[in-house]
Amino acid sequence: MHDGKTTYSIDGRDLFTNGSEHSPREPMTVNFSTWFIDLPFKGARSWDMKVDWLYYQADQDVSGKDAQKAVAALTADGTHYVNTLPKP
């Protein structure tokens, strides 16, 4: 959140920005999940999700460009996984 606005981005592309009225008011979690709904046909279904990086910097405003630079530096160093979040 920066200047009362939150911008949501994927792959370096801003999807949307909203103002403080719709910004998080409480601590949040990040969850990756798959939802299958009832469909009018039967058969096997599958989902393939690939996430290279989730980058989060506590208590700092980080632009998408700066996050991409940080991830590129970690990748160049051979770092494939870092978890600095405290356990709940």
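The values are calculated or read from the model by the stated rules, or taken from the named source; none is laboratory data. Computed from a predicted structure; not experimentally measured. Cβ: placed from backbone, ideal geometry, glycine included. Neighbour counts: every protein chain shown.
Can we say PHE36 is touching a Lys or Arg at 6+ places or on another chain (Cβ under 7 Å), assigned to a loop (DSSP other than H, G, I, E, B), exposed (fewer than 10 other Cβ atoms within 10 Å of the Cβ) and free of Cβ contacts under 8 Å to residues at least 12 places away in the same chain? So PHE36 passes the test. So, TRP53, is that one closer than 21 Å to LEU85 by Cα and of a type in the set (Phe, Trp, Tyr) or not? Spelling it out, TRP53 is indeed closer than 21 Å to LEU85 by Cα and of a type in the set (Phe, Trp, Tyr).
Sort through TYR55, TYR81 and tell me the only one that's within 12 Å of the chain's Cα centre (by Cα) and modelled with pLDDT of 80 or more.
On the way: TYR81 fails: within 12 Å of the chain's Cα centre (by Cα).
Going through TYR55, TYR81 in turn, the sole match is TYR55.
Residue count for the range 13-28 satisfying the condition of being within 20 Å of LEU85 (Cβ to Cβ) and in contact (Cβ under 8 Å) with a residue 12 or more places away in the chain: 1. Tallying residues that are part of a strand (DSSP E or B) and either among the aliphatic types (A, V, I, L, M) or at positive phi (or both) within the range 1-12 yields 1.
Taking the criterion of being more than 14 Å from the chain's Cα centre (by Cα), of a type in the set (Val, Ile, Thr) and not in a loop (DSSP other than H, G, I, E, B), would at least one residue in the range 13-26 satisfy it? If you could, list the steps in order and put the result at the bottom.
Taking the range 13-26 first, the residues more than 14 Å from the chain's Cα centre (by Cα) are 17-26.
Right, trim to of a type in the set (Val, Ile, Thr) and you get 17.
Cutting the leftovers down to not in a loop (DSSP other than H, G, I, E, B) gives us 17.
Among the residues of the range 13-26, at least one is more than 14 Å from the chain's Cα centre (by Cα), of a type in the set (Val, Ile, Thr) and not in a loop (DSSP other than H, G, I, E, B), which makes the answer yes.
One residue stands out in the range 12-26 among those that are under 12 Å from GLY64 (Cα atoms) and either touching a helix residue (DSSP H, G or I) at 6+ places or on another chain (Cβ under 9 Å) or basic (Lys, Arg) (or both): the one that is modelled with the lowest pLDDT, namely GLY12. Beta carbons closer than 8 Å, at least 6 apart along the sequence or on distinct chains, pair a first residue in the range 44-69 that is touching a residue at least 40 places away in the same chain (Cβ under 8 Å) with a second that is surrounded by fewer than 10 Cβ atoms within 10 Å (Cβ to Cβ) for GLY64/GLY12; LYS65/GLY12; GLN68/GLY12. Taking the listed residues VAL51, VAL30, VAL62, the one that is in a loop (DSSP other than H, G, I, E, B) and surrounded by 10 or more Cβ atoms within 10 Å (Cβ to Cβ) is VAL62, with no other qualifying. Kindly indicate whether TYR81 is surrounded by 10 or more Cβ atoms within 10 Å (Cβ to Cβ), out of contact with any strand residue (DSSP E or B) (no Cβ under 6 Å at 6 or more places or on another chain) and assigned to a loop (DSSP other than H, G, I, E, B). No, not satisfied.
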